1. Residue under question is Phe118, and the condition is that it be open to solvent by 30 Å² or more (accessible area, probe 1.4 Å) and at pLDDT below 95; does it hold?
2. Of all residues in the stretch 63-90, count the ones that are within 22 Å of Gly15 (Cβ to Cβ) and surrounded by fewer than 22 Cβ atoms within 10 Å (Cβ to Cβ).
3. Can you tell which of Asp39, Asp60 is without any contact (Cβ under 8 Å) to a residue 24 or more places away in the chain and either exposed (fewer than 12 other Cβ atoms within 10 Å of the Cβ) or under 21 Å from the mean Cα position of the chain (by Cα) (or both)?
4. Could you pull out the residue among Lys30, Lys24 that is without any contact (Cβ under 8 Å) to a residue 24 or more places away in the chain, farther than 29 Å from Val183 by Cα, outside any strand (DSSP E or B) and not β-branched (Val, Ile, Thr)?
5. If a residue must be more than 18 Å from the chain's Cα centre (by Cα) and either closer than 24 Å to Cys16 by Cβ or without any contact (Cβ under 8 Å) to a residue 12 or more places away in the chain (or both), how many such residues does the stretch 128-148 contain?
6. State which residue is nearest to Glu217 (Cα to Cα) when the search covers only the stretch 91-108 and only residues that are among the hydrophobic types (A, V, I, L, M, F, W, C) and open to solvent by less than 50 Å² (accessible area, probe 1.4 Å).
7. On the basis of being part of a loop (DSSP other than H, G, I, E, B) and among the charged types (D, E, K, R), does Asp119 make the cut?
8. For residues that are touching a residue at least 40 places away in the same chain (Cβ under 8 Å) and either open to solvent by 10 Å² or more (accessible area, probe 1.4 Å) or more than 19 Å from Cys16 (Cα to Cα) (or both), tally how many sit in the stretch 42-57.
Amino acid sequence: MMAKGVLVDLTRCIGCRGCQVACKQWNERKGLVTSFHGDFTSPVKLNSDTYTRIRFVESDEEKGPVWSFVKEQCMHCQSPACVSACPVGALNKAENGPVTYDFDKCIGCRYCMVACPFDIPKYEWNSWAPWVRKCSFCSERITDGMEPACVKTCPTKAMFYGDRDKVVDEAKRRIADAPDRYVNHIYGLDEVGGTSWMYISGVSFESLGFKMGLPTEKLPDYTWAPLSTIPFKVAGFFALLGGVAYLRNRGTQEDNVKEDKR
């Protein structure tokens, strides 16, 4: 099965948040009471009940202040650091694009949260039985030949869904056809080895708050080396504690033997 991708054309997004509503409905996530903090972005951050959100960004351009609306969700990296970091295989990169999560395998270590370069996985801190939560790329929908819920609901067709190579071609075509409309960069094409979700924009990605300066190499090459040593460090720590406890108890036992001989 061909890997899928999505192009988010930020020049077409009107900030209606229809994608947020569709995402919550499809994933059966509860609504939360929120408040504004300086702009119209709500909620302030992605959380375990909000897998996607529209971030409102006001930037100063030559023609004056400009509102931009940035859709955020899991980027579904081509070579995900979260998958590489998970010690029990609870996260998996599917052939058709999504990074999926297996609740039954997760041990709650949250290495995925540390490894993700985009700060996407969220933990259910207020739950008695917490899990890691994030956008699943509507894996069950695209496996059945349907579009992701957020893509289907967008009234301005700000998202273009299809085979990833066709999505890249579409992004390049739009930039070439309208160089005055877009900055000459496809965000997600090369970042961290490439992502399934990619963006084109009329203003700089830096001014929109995108993470810049990310390596173009696959992140597992960076993350696995240090993370793979953690289990050995933990084992060594407990071995050290065991040794200290043994020496302490041996001294106590020797003292008890001496007392008995007296």
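1. Numbers: open to solvent by 30 Å² or more (accessible area, probe 1.4 Å): yes; at pLDDT below 95: no.
No, not satisfied.
2. Keep residues of the stretch 63-90 that are within 22 Å of Gly15 (Cβ to Cβ), which gives 63-75.
Cutting the leftovers down to surrounded by fewer than 22 Cβ atoms within 10 Å (Cβ to Cβ) gives us 63-70.
Residues meeting the conditions: 8.
3. On the way: Asp39 fails: either exposed (fewer than 12 other Cβ atoms within 10 Å of the Cβ) or under 21 Å from the mean Cα position of the chain (by Cα) (or both).
After applying the criteria, what remains is Asp60.
4. Working: Lys24 fails: without any contact (Cβ under 8 Å) to a residue 24 or more places away in the chain.
After ruling out the rest, the residue left standing is Lys30.
5. Residues of the stretch 128-148 more than 18 Å from the chain's Cα centre (by Cα): 128-129, 140-147.
Those left that are additionally either closer than 24 Å to Cys16 by Cβ or without any contact (Cβ under 8 Å) to a residue 12 or more places away in the chain (or both): 128-129, 140-142, 144-147.
Here the count works out to 9.
6. Step one: filter the stretch 91-108 for residues among the hydrophobic types (A, V, I, L, M, F, W, C), giving 91, 94, 99, 103, 106-107.
Subset that is open to solvent by less than 50 Å² (accessible area, probe 1.4 Å): 91, 94, 99, 106.
Working: Leu91: 20, Ala94: 20, Val99: 18, Cys106: 27 Å.
So, considering only residues that are among the hydrophobic types (A, V, I, L, M, F, W, C) and open to solvent by less than 50 Å² (accessible area, probe 1.4 Å), the one nearest to Glu217 (Cα to Cα) is Val99.
7. Numbers: part of a loop (DSSP other than H, G, I, E, B): yes; among the charged types (D, E, K, R): yes.
The answer is yes for Asp119.
8. Initial filter on the stretch 42-57 (touching a residue at least 40 places away in the same chain (Cβ under 8 Å)): 46-49, 51-52, 54-57.
Now drop any that are not either open to solvent by 10 Å² or more (accessible area, probe 1.4 Å) or more than 19 Å from Cys16 (Cα to Cα) (or both), which leaves 46-49, 51, 55-57.
Total meeting the criteria: 8.
The values are calculated or read from the model by the stated rules, or taken from the named source; none is laboratory data. If you're wondering where the values come from, they're calculated on a predicted model, not measured in any experiment. Virtual Cβ from ideal backbone geometry, glycine too; neighbours counted across all protein chains shown. Areas reflect the complete protein model, heavy atoms only, side chains present, ligands, DNA and RNA absent. Shrake-Rupley method; radii C 1.70, N 1.55, O 1.52, S 1.80 Å.
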